[in-house]
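Enquirer: This is the structure I want to talk about, given as C-alpha cells.
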Amino acid sequence: MADKAFQKCINPDCAAGFGLTDVIFSCPRCGALLDVEYDWDRIALPRKMDFFEHRWATKGLTVEGRLDFSGVWRFRELLPFAEPESIVTIGEGRTVLEQNDRIAREFGMKPGRVFLQYEGLNPSGSFKDNGMTAAFTIARLLGRKRVACASTGNTSASLAMFAHKAEPEMQGIVFIGSGKIAYGKLSQALDYGSLTLQIEGDFDACMKRVREVADRLGIYLMNSMNPFRLEGQKAIMYRILEARDWNVPDWVIVPGGNLGNSSAFGKAFAELHQLGLVPRVPRLAVINATGANTLYTLYEKRGVRWDGGRIRNRDAVGALYQHFDDTGYKARTVASAIEISRPVNLPKCLRALDVMNGLVREVSDEVILEHKAMVGRFGFGCEPASAASVAGLHVLRDEGVISPDETVVCILTGHELKDPDATVMYHTGIDMKSVAPPEPKPTYGRLANRPVRVADNLAAICAALGEPNVG
Ligand code: F0G
C-alpha cells in the first residue's frame, strides 16, 4: 500500500514528491502546502460507490470489522495510505445526515431539500475525529511518542482522546489560548490526560508556537496543515453521498476557521470526479464569522483566487496580514471554534473553492446564535461555530443564490454540549463564566490534570514541557 501513496507539493510549478513518512508540513523546495497523493492506476478501486454498502454490517472486533465500523475507513480504498493492521481507529465517523424539513420551511425551501450532517456525533463530539484517525495512523507508523496541536478546543479534545487510545499510548500536548476555549472542550483535554498548555495569547499565537516547539523537540504536529488529517476528513463527503444513496447534493455549506474541512471536501470531490465515481461536483459555500472573516475579505472583497496553482492577488493576503500586525487586530467571535485570523489552509481552501465553484459569506454573532437556537429547536442542536453553516444557508436564500428546490447539506461540525455556556447565555442572559471562580482552587482528585499557564514565549513553553534547556 505504502508504495502507492506519497506526499506531493500542491504548487503545480514545483509538484515535488516526498515519501509518506517524511515529516514535513510544507514543501522544503518552495514552501507550499502538501497533499497526500495516490498512484490510482495501481490501486484496486470499486467501479461504483455502492460497493461500500456491504460494509455496513459490523463484523466484530476483527481488524476488518473495526475498519468497516469506522465511517472513515470503510472507504479505505479512497485514502489508501496505510495497511489495515496499522490503522488507529476509535470508531469515528458514525454520524447522521438528517433531512430537516422544518428548517427548509423557515427558509422557504421545499421538503427534502435541507440536510444537516451531525459531525458532533463523533466520539469526541466534533468532526475532528475523522482527521485524527488518519493523522494518528501516520504518527504511529513513524513511532512518535508525543503529538501536539494548537486548538480552539475541538482539535485538542480529539487529539487527547486518540493519544491515550493509541497503541502504544502517546503523550498528547495541546496548546490553547487564554480565555476563549469553551469549557466542554477544555474539560475533555484535561479528562483524557493531555498536557494542556494555556498560552497567554490567542489561537494564532498558539499555532505559531506549536509549530516552533514541534520542530525543535521532534514532537509530531497534528494540526490540519498535516495533510493526513485532511485525508480522513474527506470521508465526511463520502458519508453524505452514502446517506443520500450516492446522489450528489447541489450545495455543501461549511463553517470556515483554519479551512481544513473545506480543503478536504474539495480534494474529496476532485478525486471522486477524476476517478469517475461521481457524475458532478456540488457547489461549496464557506461561512466565516464576521469577527474572523479573513477568507471572506480575501475571496469576496479582494479577489484572491486559486488560478491553476498560482494564487491570484496574492499580495492582498500579505497586505491584510500586515494590517493585522499594524493595528494589533485580533479575531473576535462568540463562535470561538472559528476565532482565527490567519487560516493555515488558505491556499488549499482557495483550490477547493475553485474545484467546487464556491463562494464565501460572513455572518454576525447575533445571526449565528439565532441559527444555533434554530438547530436546537428543530434538530439535534450544535455548537455556535457549526450554526454558521445554517446561517449561511439563510443568507444565500435571501440573496436568491440558492433556490427553493436545490438540495443543500449544512455541516454541523460540533456537538451542542461543547459550549453549553453559549446556549444558557442565549436563553437566559446569564453569563456562566462570570459566576465561575476566576482562579483555580486546589483539587484533590487522584487523576487531576491541571492546565499549565504559560507565557507566550518559546523558552517558557519548552520548560513547561520538561525541556528547560531548549528554546
Ligand atoms: N467548527 C468547529 C466546531 C470547529 O472546531 C472548527 C475548527 C471549525 C468549525 C472550523 O473548521 O478549521 O476546518 O475550517 N476548530 C479548530 C480547533 C481550529 O482547534 O478545534 P476548519
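Enquirer: Run through the DSSP bridge list for the chain and note the antiparallel percent, rounded to the nearest 5.
Expert: Bridges in the chain are about 30 percent antiparallel.
Enquirer: A further question follows. Under a Cβ-only charge scheme (Lys and Arg +1, Asp and Glu -1), can you give me the dipole magnitude of the stretch 76-186 about the Cα centre, in debye to the nearest 20?
Expert: Dipole magnitude for the stretch 76-186 comes out near 360 debye.
Enquirer: Expressed as cubic angstrom per residue, what is the convex hull volume of the alpha carbon set of the stretch 166-215?
Expert: Roughly 77 Å³ of hull volume per residue.
Enquirer: Return a whole-number percent for the relative contact order of the stretch 281-327, with Cα pairs under 8 Å and 6 or more residues apart as the contact set.
Expert: Worked out over the stretch 281-327, it gives 20 percent.
Enquirer: Heavy-atom accessible area per residue, the stretch 64-112, 1.4 Å probe: how many Å²?
Expert: 36
Enquirer: Turning to a different aspect of this structure: Could you work out how much longer the chain between Glu169 and Glu64 gets when fully extended? Use 0.36 nm per residue separation minus the Cα distance between them, nm to one decimal.
Expert: 35.6 nm
Enquirer: In square angstrom, rounded to the nearest 10, how much accessible surface does Val401 have for a 1.4 Å probe?
Expert: In the full protein context, Val401 sits at about 50 Å².
Enquirer: Say the dipole of the stretch 133-218 comes from +1 at the beta carbon of Lys and Arg and -1 at that of Asp and Glu; which of Gly193, Gly179, Thr133 then lies farthest toward its positive end?
Expert: Thr133
Enquirer: Considering only Phe115, Ala391, Pro12, whose Cα is most displaced toward the positive end of the charge dipole of the chain, charges sitting on Cβ of Lys, Arg (+1) and Asp, Glu (-1)?
Expert: Pro12
Enquirer: Next question, about the same structure. Between His273 and Asp307, what is the label-point separation in nm under the 7 Å Cα-to-beta-carbon projection?
Expert: About 2.0 nm, to one decimal.
Enquirer: Sticking with this one: Place a +1 charge on the Cβ of each Lys and Arg in the chain and a -1 charge on the Cβ of each Asp and Glu, then give the dipole magnitude about the Cα centre in debye, rounded to the nearest 20.
Expert: 360
Enquirer: Next up: Hey, got a sec? Which trypsin sites (Lys or Arg not before Pro) in the stretch 28-66 land in a DSSP loop and have at most 13 other Cβ atoms within 10 Å?
Expert: Of the trypsin sites (Lys or Arg not before Pro), the ones in loops of the stretch 28-66 whose Cβ has at most 13 other Cβ atoms within 10 Å are Arg29, Arg47, Lys48, Lys59.
Enquirer: Now for a separate question. For a bin width of 20 Å, list the pair-distance distribution of the chain built from all Cα-Cα distances, rounded to whole %.
Expert: The percentages, shortest bin first, are 25, 61, 14, 0.
Enquirer: Would you please state which residues of the stretch 252-268 a label at Arg244 would reach in this model, taking the label point 7 Å out along Cα→Cβ and a backbone N cut-off of under 13 Å?
Expert: 252-254
Enquirer: Tell me, what is the 1.4 Å probe accessible area of Ile430, in Å² to the nearest 10?
Expert: Counting only protein heavy atoms, Ile430 exposes about 90 Å² to solvent.
Enquirer: By accessible area of protein heavy atoms, probe 1.4 Å, what ranking do Glu119, Glu77, Glu83, Glu200 get, highest first?
Expert: So, going from the largest accessible area down, we get Glu200, Glu83, Glu77, Glu119.
Enquirer: Under unit Cβ charges (Lys, Arg +1; Asp, Glu -1), what dipole magnitude, rounded to 20 debye, does the stretch 113-175 have relative to its Cα centre?
Expert: Roughly 140 debye, rounded to the nearest 20.
Enquirer: While we're on this one: Heavy atoms only, probe 1.4 Å: what % of the accessible area of the chain goes to carbon and sulfur, would you let me know?
Expert: 50
Enquirer: Just going by the charge dipole of the chain, with Lys and Arg at +1 and Asp and Glu at -1 on Cβ, which of Gly276, Ala292, Val409 is farthest out on the positive end?
Expert: Gly276
Enquirer: Additional query: For each cysteine in the chain, check whether another cysteine's C-beta sits under 4.7 Å from its C-beta; list those where none does.
Expert: Cys149, Cys206, Cys349, Cys382, Cys410, Cys462
Enquirer: Under a 1.4 Å probe, what is the accessible area of the stretch 118-206 per residue, stated in Å²?
Expert: Accessible area per residue: 28 Å².
Enquirer: Assuming 0.36 nm per residue, please report the length gained on full extension of the stretch Lys145 to Arg216 beyond their Cα-Cα distance.
Expert: 24.1 nm
Enquirer: How many Å² of accessible area per residue for the stretch 239-353, probe 1.4 Å?
Expert: I get 35 Å² per residue for the stretch 239-353.
Enquirer: From the protein chains alone at 1.4 Å, what is the descending order of accessible area for Arg102, Arg332, Arg113, largest first?
Expert: Largest accessible area first, the residues go Arg332, Arg102, Arg113.
The values are calculated or read from the model by the stated rules, or taken from the named source; none is laboratory data. Just so we're clear, the structure is a prediction, and the values are computed from it rather than from any experiment. Every residue, glycine as well, gets a Cβ built from its backbone with ideal geometry; the counts of neighbours run over all protein chains shown. Note: areas computed on protein heavy atoms with side chains; ligands, DNA, RNA excluded. Shrake-Rupley method; radii C 1.70, N 1.55, O 1.52, S 1.80 Å.
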